[in-house]
1. In region 75-116, which residues are surrounded by 15 or more Cβ atoms within 10 Å (Cβ to Cβ) and not in a helix (DSSP H, G or I)?
2. Cβ-Cβ under 6 Å, sequence separation 6+ or interchain: first residue in region 75-104 and small (Gly, Ala, Ser), partner open to solvent by 70 Å² or more (accessible area, probe 1.4 Å). Which pairs?
3. Would you please list the contacts, defined by Cβ atoms under 7 Å and residues six or more apart or on different chains, that run from a residue in region 179-202 that is closer than 19 Å to GLN119 by Cα to a residue that is in a helix (DSSP H, G or I) and among the hydrophobic types (A, V, I, L, M, F, W, C)?
4. Cβ-Cβ distance below 6 Å, separation of 6 or more or different chains: which pairs start in region 212-236 with a residue that is crowded, with 20+ Cβ neighbours inside 10 Å and end on one that is in a strand (DSSP E or B) and of a type in the set (Lys, Arg)?
5. Quick check: anything in region 266-282 in a strand (DSSP E or B), open to solvent by 30 Å² or more (accessible area, probe 1.4 Å) and among the aromatic types (Phe, Trp, Tyr)?
6. Can you tell me which condition ALA163 does not meet? The list is (1) surrounded by fewer than 18 Cβ atoms within 10 Å (Cβ to Cβ); (2) under 30 Å from THR74 (Cα atoms); (3) without any contact (Cβ under 8 Å) to a residue 60 or more places away in the chain; (4) within 19 Å of the chain's Cα centre (by Cα), and all the others hold.
7. Just need a number here: residues in region 120-138 that are free of Cβ contacts under 8 Å to residues at least 40 places away in the same chain, surrounded by fewer than 19 Cβ atoms within 10 Å (Cβ to Cβ) and under 14 Å from ALA92 (Cβ atoms).
8. Which numbered condition in (1) touching a Ser or Thr at 6+ places or on another chain (Cβ under 6 Å); (2) surrounded by 13 or more Cβ atoms within 10 Å (Cβ to Cβ); (3) more than 21 Å from ASP218 (Cβ to Cβ) is the only one that PHE285 fails?
Amino acid sequence: MKLRRRRSILPRVGWRRDLEASEPLKGQLWTRSEKSLREPDVHWTRRAVAMGVAVALCSVLGWLWFGPALSVTTVQVTGAQHLTSAQITQMAGLGGGASVLSVDAEADRLKLLNQTWVQGATVIPQLPGRVLVEISEWQSVAVYHSGTNTSLFLMSDQAVILAPAPSAAGLVDVQGPSGADPKVGSRPVEQVLLTALVNMQRGFPALLGQQVSGFIFDSCGNLTLIAKRGWKVYFGRVLTPEEFVTLHDKVAALKAIQGRGNVNYNSTDLEYVNVMNPAEPAVGFRSRLNPPTPSPSPGATPRPSPSPSPTSAPICR
C-alpha cells in the first residue's frame with residue numbers, strides 16, 4: 001500500500017540565501033551614529049566660567065611672579081672671606097627684587113664659578129623670599145711679582161692670580177721675568193711648577209734645616225732658590241714635563257752633598273750650589289769668588305785686581 005506525501009499548506013520560505021544574492025540593508029549603520037560622534041554641545045555659561053577661571057589663574061601667577069609677595073628679600077651668604085655678600089648678590093644676579101620663583105639656581109651657580117675667587121658655589125632658593133648661597137674660595141699659597149716690581153699679587157694653588165696683595169704674609173715668594181704686572185685671572189707660571197715650589201719651601205726646614213726666602217723664575221725658564229741665609233740654588237731650566245721631573249733628583253743632590261760634608265748650609269761663606277747636573281753638583285764660596293786684594297808694598301807698582309770667577313749662574317741659551 002503506497003503512502004502519499006502530505007503537502008504543507010504553508011508555502012516554503014527560503015531561510016537560507018546566498019550572501020551574494022541578498023540585498024544590502026539600506027539606511028543602517030553598524031557603528032555609532034553620527035550624532036553620537038559629534039562633541040556634545042557646551043553651554044556658553046560653562047565656557048565663560050572656564051575662561052574666567054583661566055584668566056584668574058594667570059593673574060595670580062603673574063602677581064606671584066612679578067608682585068612683591070614672593071620677591072627676593074634676603075640673600076644669605078656663607079663661606080665667603082674675600083668677597084662681600086653684596087658682591088656675591090650682584091655677581092649671581094639676585095638683586096633687583098626679582099621673584100624667588102624666577103631664580104635659576106644652576107645658572108646663578110655658573111655665574112659665581114666664573115669669578116676668580118670662587119672655587120665652588122651652591123644656590124638654594126627658599127619660599128617665600130629667601131636665597132641661600134654657599135661659597136668656597138680658592139686659598140692663596142704664594143705671592144707673585146714681575147722682575148724687580150714691588151707690587152705683589154696673591155696666587156692660588158692653581159697658579160692663578162687672585163688679587164693684589166699688601167705683603168707676602170709668609171706665603172711663597174715667586175719672582176717672575178721683568179715686564180708688566182700680571183692681570184687678575186691670569187696664570188704666570190705652570191701649576192706643576194708652583195706645586196713644586198710650595199713643597200720645596202715647606203720641606204726645606206726638615207730636609208736641610210734651612211728656610212727658603214723665595215724663588216726666581218727668569219724669562220729663559222731658569223729656576224733659582226734664595227735661602228734665608230742668602231745663598232742660592234741653581235736648578236736650571238724647568239719648562240717641560242721632563243725638566244719638572246728632574247727637580248726631585250736635584251733636591252736629593254742637595255741633601256747628598258750635605259751628608260758627605262761637602263757643604264755647610266749654615267756657613268756665611270756659602271755663595272751658591274749648582275745642581276743643574278744633579279750627578280755633578282758644584283758649590284761656590286764667597287771667599288773664592290772674591291779673594292782679598294793684598295796691600296801693595298811701599299814703592300811697588302800697583303797691579304789691577306783680578307776679575308772675580310764666574311758664579312755659574314744659569315744663562316739663557
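The values are calculated or read from the model by the stated rules, or taken from the named source; none is laboratory data. Bear in mind the structure is a predicted one, so any value in this text is a computation, not a measurement. Counting neighbours? That spans all protein chains shown, and the Cβs are built from the backbone with ideal geometry, glycine included. Note: areas computed on protein heavy atoms with side chains; ligands, DNA, RNA excluded. Shrake-Rupley method; radii C 1.70, N 1.55, O 1.52, S 1.80 Å.
1. VAL75, VAL77, GLY79, ALA80, HIS82, LEU83, LEU94, ALA98, SER99, VAL103, GLN115, THR116
2. GLY79/GLU134; ALA92/LYS111; SER99/TRP65
3. Filtered contacts from region 179-202: VAL192/PHE244.
4. ASN222/ARG237
5. Taking region 266-282 first, the residues in a strand (DSSP E or B) are 270-274, 282.
Now narrow it down to the ones that are open to solvent by 30 Å² or more (accessible area, probe 1.4 Å): 271, 282.
The next check asks that each one be among the aromatic types (Phe, Trp, Tyr); those that pass are none.
No: zero hits.
6. Among (1) surrounded by fewer than 18 Cβ atoms within 10 Å (Cβ to Cβ); (2) under 30 Å from THR74 (Cα atoms); (3) without any contact (Cβ under 8 Å) to a residue 60 or more places away in the chain; (4) within 19 Å of the chain's Cα centre (by Cα), ALA163 violates only (3).
7. Of the residues in region 120-138, 3 are free of Cβ contacts under 8 Å to residues at least 40 places away in the same chain, surrounded by fewer than 19 Cβ atoms within 10 Å (Cβ to Cβ) and under 14 Å from ALA92 (Cβ atoms).
8. It fails just one condition, (1).
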